[in-house]
């Protein structure tokens, strides 16, 4: 019986891309292991290396002495590969500092010229004050071994500080990527081509590097061969009016992309509503009223829910706390703690002085019923669900989801939960985080792992 014929109880969303069988899904936890694997794949590539970049620090370097992003791309280009990068060009009013991205400003282009950069690049804006927030890599496009990487890890220095090794100067970041091989990789291929061909700045004098207006890419015409047994779907947030070329991915149906694509929010809501036993979330934000109400309904059904988020809320959440119009949302968010089967948690690690310091949760992961998962760039909030350009991969693969749960809980709890069912493991998570919160309040360092409980009612104050 095929994966499609088993009819998973968690439905997939609509959207640009179809649900496909035969995928290999390999989650990669935290920046250093993820970028090490990506670099290994780049070094093994024989045809092409394409990357979409949102945020990047000028001092960011890849693991094991490989140098900067530009060193890695130029090394691949020097081997004769087709190397292309899509960089987000900042939008006025976005709220993000200019030095957090590679916008193609004069000093950026001077750096490329000085180093004799050999790869192609185009710059791409989002609409209004939104962000081209996708973080993806695509290798060997159109070849049998084409491989995609999709996730949330930025090319920033603190992404490379492993949890458990905090110091006083750098706040480590916890994050997740996933490697995708098989038919669904074809849709990451299609997404890159669509973005490259319609990059907003491609016709501007300073909107490209070593790329002319005629340097467009052909859309994929064949589906990548099966590489595993996971059922998967590539999902996006795309605002209406952003793209015009609606040619479908091979094997997919016609999709009116000019009208936008909101598959990710649809998928989150479908998965939460269908959950039977457990929902585990890691996300930079949990800021959408509809999602909070869906979680209330799941909790009332008896589903165990754990949400891991930054212990110090992000700037958007703190700003919303100060806005009277958000009062009802935060009342309902705080009421989640009224359910005994709900846990809100942050993570922290000891620095060089033995003091527990917060680790920033930047991952965008949800696991449901030890069978279904999603990993990508999309936060749980209106900006990511409706404004920024996002990319996630959702998958039905009990073996993959269980292994990811074991690995995340081993990191966060310093406890092996592989002998526990999902609901039991989430209850243990709640128990350990309550204990660690008490240790944190008393300034004691006797923690089990890194996770500690947060107060939903005061979160973001």
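Read-outs: derived from the displayed coordinates by stated rules, not from any lab. Keep in mind that what you see is a predicted model, and the values were worked out from it rather than measured. Cβ sites come from the backbone with ideal geometry, for glycine too, and all protein chains shown count toward neighbours.
Between rounded, prolate and oblate, where does the range 76-232 land on the alpha carbon gyration tensor, with a ≥ b ≥ c its root eigenvalues, rounded for a/c under 1.5, else prolate if a/b exceeds b/c? Since a/c reaches 1.5 but b/c is at least a/b, the shape of the range 76-232 is classed as oblate. The length gained on full extension between residue 297 and residue 444, counted as 0.36 nm times the residue separation minus their Cα-Cα distance, comes to 49.3 nm. Taken along its three principal axes, the alpha carbon spread of the chain comes to 60, 54, 44 Å, from the longest extent down to the shortest. Treating each Cα of the range 300-350 as one equal point scatterer and applying the Debye formula with no solvent, the log10 of I(q)/I(0) at q = 0.15, 0.20, 0.21, 0.32 Å⁻¹ comes out as -0.52, -0.84, -0.89, -1.19.
Using bins of 5 Å that start at zero, the share of Cα-Cα pairs per bin across the range 309-399 amounts to 3, 10, 13, 19, 22, 18, 10, 5, 1, in whole %. The relative contact order of the chain comes to 19 percent, based on Cα pairs under 8 Å that sit 6 or more residues apart.
Helix 398-413 and the longest principal axis of the Cα set of the chain meet at an angle near 60°.
If you take the Cα atoms of the range 340-392, find Rg, then find the Kirkwood Rh from the mean of 1/r over all pairs, what is Rg/Rh? Looking at the range 340-392, the ratio lands at 1.09.
Given N residues in the range 405-461, what is its alpha carbon radius of gyration divided by 2.2 N^0.38 Å?
On the way: Rg = 12.1 Å, N = 57, 2.2 N^0.38 = 10.2 Å.
The reported ratio for this selection is 1.18.
Histogrammed with a bin width of 10 Å, the alpha carbon distances of the range 26-72 distribute as 22, 60, 18 percent, first bin at zero. If I model the range 1-98 as equal point scatterers sitting on the Cα atoms and use the Debye formula, what is log10 I(q)/I(0) at q = 0.12, 0.21, 0.24, 0.25 Å⁻¹? These q points yield log10 I(q)/I(0) values of -0.63, -1.13, -1.27, -1.33. Computed from the alpha carbon positions, the gyration tensor of the range 349-461 leads to an equivalent ellipsoid with semi-axes of 26, 20, 13 Å, biggest first.
Mind checking the full-extension length gain between residue 143 and residue 205? Use 0.36 nm per residue of separation minus the Cα-Cα distance, one decimal, nm. Before the final figure, lay out each step's value.
On the way: separation 62, 0.36 × 62 = 22.32 nm, distance 3.30 nm.
Result: 19.0 nm gained on full extension.
Expressed as a whole percent, the proportion of Cα-Cα pairs in the range 226-295 lying more than 18 Å apart is 55%.
Kindly rank 267-274, 347-354 from highest to lowest mean number of other beta carbons found within 10 Å of each residue. Intermediate results must be reported in sequence, preceding the final value.
Details: 267-274: 20.0, 347-354: 16.1.
Ranked from most to least packed, the peptides come out as 267-274, 347-354.
Rounded to the nearest 500, the helix-only mean residue ellipticity at 222 nm of the chain stands at -8500 deg cm²/dmol, with each DSSP H run of n ≥ 4 adding -39,500 (n - 2.57).
Scoring 281-288, 362-369 by mean Cβ neighbours within 10 Å over their residues and listing the highest first yields 362-369, 281-288. Over all directions, the average projected area of the alpha-carbon convex hull for the range 25-158 comes to how many nm²? The directionally averaged projection comes out at 8.4 nm². A full extension of the chain between residue 110 and residue 424 corresponds to an added length of 107.4 nm, given 0.36 nm per residue minus the alpha carbon distance. Take 250-257, 223-230 and order them by the average number of nearby Cβ atoms within 10 Å per residue, most first; the result is 223-230, 250-257.
Within the chain, antiparallel bridges make up roughly 70 percent of the DSSP beta bridges whose residues both belong there. With Cα atoms as the point set, the range 262-419 shows a radius of gyration and Dmax of 15.6, 46 Å.
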